[in-house]
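Notes follow the structure.
No value in this document is a laboratory result; all are computed from the given coordinates. In this text the structure is predicted, and so the values were computed from the model without any measurement.
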Amino acid sequence: MKNVFVLEERTHIVSELRWQFEGQSEWSITGFSSEQALFQQAMQENSDSLLVILDFSAGKTVCLQFLQRYQGAHSRFPVMVFSPDPLQNLEWALRELGVFHIQSGELEPERIAKICRWQLVPDPQKRQTHLQTTCFTSPHPEEPNGKQGS
């Protein structure tokens, strides 16, 4: 099971992602309104099959508290941040706290779903095959001999 946990005040991202993954039973999209509950549940999951999305609309302080706990626990699951507002002043600090992707501006559920798929498909060959079949055309720069999908 691939788990995507979302910290947000209202279930906007969760509902959009559930629609993106509709009919794909190996994906579970779960929303949390509490940073502490999210962190506790994330620590119980297999980090190879977990991705966390923090919606900065839930509060910058709350999101930063989660990232501080995350860094202190030396966890290895990927964390993504979504913010409707630009985060230029915080981008480097967020990256130092372990954020691998920052999505700001308009919510793009299809793009976020593709990033989730890319992160949680473990084998580079399977990842490449999956990306080609979903028309995601940007291979990760660290993948050797990455081929672009069409």
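Is region 1-79 rounded, prolate or oblate when judged by the Cα gyration tensor, a ≥ b ≥ c being the square roots of its eigenvalues, rounded requiring a/c under 1.5 and prolate requiring a/b larger than b/c? Here region 1-79 falls in the oblate category.
Taking amide hydrogens as placed 1.01 Å from N in the peptide plane, the amide H of Gly31 sits under 5 Å from those of Val6, each at least 5 positions away in sequence or on another chain. Were the residues from Gln71 through Ser49 laid out at 0.36 nm apart, the gain over their Cα-Cα distance would be 6.1 nm. Taken one residue at a time, the phi angles of region 31-45 give Karplus couplings (6.51, -1.76, 1.60, θ = phi - 60°) of x, 10, 9, 10, 4, 5, 5, 4, 4, 4, 5, 4, 5, 8, 8 Hz. Gly and Pro are set to x.
Each residue of region 87-104 was assigned a 3J(HN,Hα) from its phi angle through the Karplus curve 6.51 cos²θ - 1.76 cosθ + 1.60 (θ = phi - 60°); the sequence is 10, 3, 5, 9, 4, 5, 4, 5, 5, 5, 8, x, 6, 9, 8, 10, 10, 10 Hz, with glycine and proline shown as x.
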